[in-house]
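The values are calculated or read from the model by the stated rules, or taken from the named source; none is laboratory data. Bear in mind that the values here come from a model prediction, so they are computed numbers and not experimental data. All Cβ positions, even for glycine, are placed from backbone atoms using ideal geometry, and neighbour counts span all protein chains on display.
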Amino acid sequence: MATKNLSREQLEDVMWKVTVLALGLDETREEVQKRVRISWPTSETGNSNWKRDENVVFLRIVPGVDDYGNLHDRAYEPDRRTGDLIEVVTYHRCHSVTWVCYGPDADSDAENIRIGILRENVKQLLRCSSLAVLPHIPPAARVPEPDETGEWWERCDLTAQFYELVRREYAAEEMLVAPNVITKTE
């Protein structure tokens, strides 16, 4: 079986680049690695691995749930390499991406991401990875967060849905074929 879809790491890399582009940051600068993060902090004291006056964005990517992602298209076509008939199943995988923005500019970071992911340069990057954003992106939610000392951190969360076009190929040797459907010739 041949599968053409993004691994978790590839999806995280694409979304990290999308975020950096949407925020207008230079991905070659070292501080961008601290500014836009894929993993959550591992500190036992919560927000202690960055300062209250720093702007930090965390990415959380989870499978999305929707009816469109449940639809599958099936076709039979010749394998480009061997000429054998293969079964091709295509469908859209839904990904829910949440940006958790901390810092004094958390609200403007969330808004810049919200608008930035709809810009043509970001959509082009997404297309190259067989991804597309669902254009209805609800406004970010302001959710200030207390830390263990009782101080409040400015926080804003933004969530958007993305679709990934997935293509899976299967050998068609043992498939059941209805009459009048193309079959493999011996």
Checked 147, 105 against criteria (touching a strand residue (DSSP E or B) at 6+ places or on another chain (Cβ under 8 Å) and either surrounded by fewer than 17 Cβ atoms within 10 Å (Cβ to Cβ) or free of Cβ contacts under 8 Å to residues at least 60 places away in the same chain (or both)); the one match is 147
Given the conditions (1) touching a Ser or Thr at 6+ places or on another chain (Cβ under 9 Å); (2) outside any strand (DSSP E or B); (3) free of Cβ contacts under 8 Å to residues at least 60 places away in the same chain, report the number of the one that residue 113 does not fulfil. (3)
The residue that is farthest from the chain's Cα centre (by Cα), considering only those in region 121-171 that are small (Gly, Ala, Ser) and part of a strand (DSSP E or B), is 171
Which of the numbered conditions does residue 113 fail, given that it passes all the others? Conditions: (1) buried (at least 19 other Cβ atoms within 10 Å of the Cβ); (2) over 20 Å from the mean Cα position of the chain (by Cα). (2)
I need a count of the residues in region 39-58 that are at pLDDT 85 or above and touching a Lys or Arg at 6+ places or on another chain (Cβ under 9 Å). 5
Only one of (1) hydrophobic (A, V, I, L, M, F, W, C); (2) over 24 Å from residue 68 (Cβ atoms); (3) outside any strand (DSSP E or B) does not apply to residue 101, and that is (3)
With criteria (1) more than 21 Å from residue 19 (Cα to Cα); (2) assigned to a strand (DSSP E or B); (3) touching a residue at least 12 places away in the same chain (Cβ under 8 Å), residue 61 comes up short on (1)
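Which one is nearest to residue 122 (Cα to Cα) among residues in region 154-171 that are in contact with an Asp or Glu (Cβ under 6 Å, 6 or more places away or on another chain) and crowded, with 17+ Cβ neighbours inside 10 Å?
The qualifying residue nearest to residue 122 (Cα to Cα) is 156.
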Single condition residue 86 does not satisfy, out of (1) loosely packed, with under 13 Cβ neighbours inside 10 Å; (2) over 20 Å from residue 56 (Cβ atoms): (1)
Conditions: (1) of a type outside the set (D, E, K, R); (2) under 21 Å from residue 11 (Cα atoms); (3) exposed (fewer than 14 other Cβ atoms within 10 Å of the Cβ). Residue 138 meets all but one. Number of the miss? (2)
Out of the residues in region 123-135 meeting the condition of being farther than 15 Å from residue 11 by Cβ and not aliphatic (A, V, I, L, M), tell me which one is modelled with the lowest pLDDT. 135
Just name the residue that is farthest from residue 170 (Cα to Cα) out of those in region 59-97 that are β-branched (Val, Ile, Thr) and modelled with pLDDT under 85. 65
